[in-house]
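Down below is the structure, laid out as structure tokens.
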Amino acid sequence: MQKAEHVRHDPYPNERFCLVAGGIEGKDRLREEGLLAYDLTDIEAACSAG
């Protein structure tokens, strides 16, 4: 969210953020808090499910 402030100054009222990284420690906890969080494991699983 902090990085988005550097890109634009007028936030959209219903904007959502997603964290994408090679690996995310505590990913399940972040998801329980309602955040979208994906790492390479998720992307690989989605690609192989196909």
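Within the range 11-31, the set of residues being in a loop (DSSP other than H, G, I, E, B) and at pLDDT 65 or above comprises 12, 13, 14, 15, 16, 17, 22, 23, 24, 25, 26.
Which pairs have Cβ atoms under 6 Å, sit 6 or more apart or on different chains, and link a residue in the range 25-47 that is closer than 21 Å to residue 15 by Cβ to one that is in a helix (DSSP H, G or I)? Every condition considered, the pairs that remain are 37/27; 37/30; 37/31.
The values are calculated or read from the model by the stated rules, or taken from the named source; none is laboratory data. On a predicted model such as this, the values are computed, not experimentally measured, just so you know. Cβ: placed from backbone, ideal geometry, glycine included. Neighbour counts: every protein chain shown.
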